[in-house]
């Protein structure tokens, strides 16, 4: 699906149709054979959780609780959750929530240096990466002239900041300086750059090539999984491997042996009550929502049996974890973050986000 198709689908939102309506479902089924994976029970859960999340947006457009109040990454992920249901700025039940998230994020740019940061105590480039991804996804969909112009300028500077912050190895780290690198920050940046490139913003091919080299250097030769850093800090793991596979996709690598080995490594973590990768698996539980956010993207783009087997499993597991109030939570983590991540995962079959396009 291209951006034009996204806009066409969004016309239904302008008429006030719900994400679960028959018209939207018919449109999705015509162009997306995975649409049937969101069954009635799942759609009802999604609708209720979108309401829960929308009710918690602050007046300034931000999301986040506790130390993550106003966090730009959480706000961006909430915006992507609404977009995953087909909402666009000013269009759809949650169109104004998307618009307000855009307004908030462009206000969070530090001066005019392109750095989008606020509401986090650790790793500000995580926030910048997710914020840039969201702004790139919504780019071209904003009708308000003043906001559109400001978005264009902020996004352009945000992309340039990412490009200049890439280190010699080809990766990124917590701060916007080209020093060291790790895989979890690197995936945020290359995913944002891919979204920006999809939106028509120039990104040098050399940036993606250097990123590919760094990500491949993080792969463990023995297992096929991915480590946290290229120099071998820590072993291969679920979330790191999901991030590594999607990072290669975002850099334009699809059929490479590194991708295939990474996908095979991930299969051992497929959710399910009688599977070793289910809720009792300690490795799968570590950074659970972050890991599954990337794992579902990896399986979606891989397609075939990878997707057909993975999505129903994570869908069913997430439905069991959903709280009666419509939220998802894990320990002391921000519930807005967990809920946004879960909603994005569950709505991947809608195929509304441009970043999911191969």
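Remarks
- Failed item in (1) more than 20 Å from the chain's Cα centre (by Cα); (2) modelled with pLDDT under 95; (3) closer than 25 Å to residue 350 by Cα, with residue 67 passing the rest: (3)
- Filtering segment 280-287 for residues that are closer than 28 Å to residue 194 by Cα and at pLDDT 80 or above leaves a non-empty set.
- Members of segment 69-100 that are surrounded by fewer than 22 Cβ atoms within 10 Å (Cβ to Cβ) and in a helix (DSSP H, G or I): 95, 96, 100
- Looking only at residues in segment 190-226 that are assigned to a loop (DSSP other than H, G, I, E, B) and under 20 Å from the mean Cα position of the chain (by Cα), the one that is farthest from residue 151 (Cα to Cα) is 203.
- Residues of segment 286-313 that turn out to be within 14 Å of residue 37 (Cβ to Cβ), in contact (Cβ under 8 Å) with a residue 24 or more places away in the chain and either in contact with a helix residue (DSSP H, G or I) (Cβ under 6 Å, 6 or more places away or on another chain) or not in a helix (DSSP H, G or I) (or both), as a count: 7
- Residue list for segment 132-156, restricted to those being assigned to a helix (DSSP H, G or I) and surrounded by 18 or more Cβ atoms within 10 Å (Cβ to Cβ): 132, 133, 134, 135, 136, 137, 138, 151, 154, 155
- Residue match in segment 162-171 (condition: farther than 30 Å from residue 286 by Cα, in a loop (DSSP other than H, G, I, E, B) and free of Cβ contacts under 8 Å to residues at least 40 places away in the same chain): no
- Filter pass, residue 59 being assigned to a loop (DSSP other than H, G, I, E, B), over 17 Å from the mean Cα position of the chain (by Cα) and without any contact (Cβ under 8 Å) to a residue 40 or more places away in the chain: yes
The values are calculated or read from the model by the stated rules, or taken from the named source; none is laboratory data. All values derive from a computational prediction rather than experimental measurement. Virtual Cβ from ideal backbone geometry, glycine too; neighbours counted across all protein chains shown.
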